[in-house]
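Please treat every number below as a calculation from the coordinates, not as lab data. Here the structure is a predicted model, which is why all the values come from computation and not from measurement.
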Amino acid sequence: MRWESRLTRRNRRSRWSKACRFLLAAHACALAGSAAESVLPSLAYGRDCSSTVFLQNLADTALDVELVAHRSSGALVPLAGHAGKVVHLSAGERGSYQLQIEQEESGAWVQVREHAKAGVGPAVAVSGTTECRQGNQLRTAVREVAYPTRNPWFAGEVAELRGSVISLINVSAGAAQASLCYSAGTLFSVPGETQASRELKPVCSAAFEVQVPPFGTRDFPVERQGTSYFSLKTRGDSIVLQMLRPANEGVRIYTVDSTIKFGGEVPDGKR
């Protein structure tokens, strides 16, 4: 009985070992064949504005790229001139694409997903431009690729950011939350035993809690009625933040300020 018990346990361990190896192999294959994803935000469309997405396949083999486009409301929109969402790029091929949006829209965005063979890394260069006309002027702004993170945040003085807005994109199928604080510079602290509790914190002259729908976009001005400090905290699994500056007075176009750095994930106990 003792020998049979050991044999039974050995067989059981062997079966579990094979099952685990199978699951690990399947997981590794899934990761190897998964699509590389990026986001091209802040695409404007309408009577005076249009945006173009540019792709270039840098690999020596052909691949498929899925372009999932959304309006600022989160609604899906098709690619102009294409029946589906997937485009095929031969080795070294370039392509340009626009969204089929006729109404005024300033917060459209595209999620780019590569579908390559297992073991092949990201191979598509992604870029974009937005062009807006006013009279006989044509303004062009480059759109930079962004990558979503969990719970990004921003906090700082707005003296050098007058007129700027922070664009938030919820790149997930669940709702996201944003907490905004506008301050005129007044600070306070709470006496306590920890260093964190004694740190000076701004008094919010205006505070808002905003819910962002799945795949939705919201733009938040960094200044409100002469305030000098602004903070934005988010809660969501997949969020993109970008600082946008006005390109020129009187022209409805923003440029991306890539010098602004946003904070990383906020631990659960400090939200």
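What are the equivalent ellipsoid semi-axes of region 37-143, built from the alpha-carbon gyration tensor (square roots of five times its eigenvalues), in whole angstrom, biggest first? Mind showing how you got there, number by number?
Working: eigenvalues 140, 43, 24 Å².
Output for region 37-143: semi-axes of 26, 15, 11 Å.
Using 0.36 nm per residue, how much length does the chain from Q56 to R162 gain when fully extended, once their Cα-Cα distance is taken away?
Stretched out fully, the Q56 to R162 stretch lengthens by 34.6 nm.
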